[in-house]
Amino acid sequence: MPYNPNIHRRRSIRLKGYDYSQAGLYFVTICVQNKECLLGKIVDGEMILNNMGEMVMQCWVIIPQHFPNAVLHEYVIMLNHIHGIIQLTPDEYSSNGDDVGANNYLPHNYLPNNVIRAKSVSPLPVPCGTSRTIGSIVRGFKIGATKQLGYSIWQRNYHEHIIRNGNSHQRIANYIINNPATWNNDKFFTE
């Protein structure tokens, strides 16, 4: 059957018109394909990661090394999903720290392949182009974890929620912290 854009169009689950590179707090959930429980087990209300879960956690905690505008807050690696709060801060490469769009950055260690930097030469200006959005961070995490594992375990897309106030932040942080203890009541629960 030939491609028909009217039939094969996926509806975006993102907030229309929102700039996902804006500084702020974002609650993200990344699911394992088909809700398979691949990342460990729950024992007495506590998440015990297996080797795959440990690799996934290692990829999660190094997100700020690849995205210097990202700060990790509460997170939990569950059996078949990850919950985490990611804070986007004003990027060090923006002109005044808050006037950035979604496509104005490259990684902080960017250096074109054909350039050799001498020790006495000042740093090159950072060119524009690579996105610094929540979406690019999630994509980078999934790619890194897939490379570590040797294959992808991830469901397409991810869930996100923009945290708009302190009460919401506290409620979500508590949910994340208590997620292993309340696993049997979780919407991602499977036997």
(Q) If Gly144 meets every condition in (1) closer than 25 Å to Gly45 by Cα; (2) surrounded by 14 or more Cβ atoms within 10 Å (Cβ to Cβ) apart from one, which number is that one? (A) (1)
Q. Restricting attention to segment 153-168, does a residue exist that is closer than 22 Å to Gln33 by Cβ and aliphatic (A, V, I, L, M)?
A. yes
Q) For segment 137-191, what are the residues that are among the hydroxyl-bearing types (Ser, Thr, Tyr), in a loop (DSSP other than H, G, I, E, B) and at pLDDT 95 or above? A) Tyr151, Ser152
**Q.** Matching residues in segment 41-76 - criterion: being in contact with a helix residue (DSSP H, G or I) (Cβ under 7 Å, 6 or more places away or on another chain), of a type in the set (Val, Ile, Thr) and either more than 18 Å from Leu25 (Cα to Cα) or not in a strand (DSSP E or B) (or both)
**A.** Ile42, Val56, Ile63
Q.
Just to check your reading of the model, which residue among Leu38, Leu25, Leu79 is part of a strand (DSSP E or B), under 20 Å from the mean Cα position of the chain (by Cα), at pLDDT 50 or above and of a type in the set (A, V, I, L, M, F, W, C)?
A. Leu25
(Q) If the requirement is being under 19 Å from the mean Cα position of the chain (by Cα), closer than 24 Å to Gly135 by Cα, at pLDDT 95 or above and of a type in the set (A, V, I, L, M), which of these qualifies: Ile30, Ile13? (A) Ile30
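The values are calculated or read from the model by the stated rules, or taken from the named source; none is laboratory data. Everything quoted here is computed from the prediction, not taken from an experiment. Methodologically, a virtual Cβ is constructed for each residue, glycine included, from the backbone with ideal geometry; neighbour enumeration extends over all protein chains shown.
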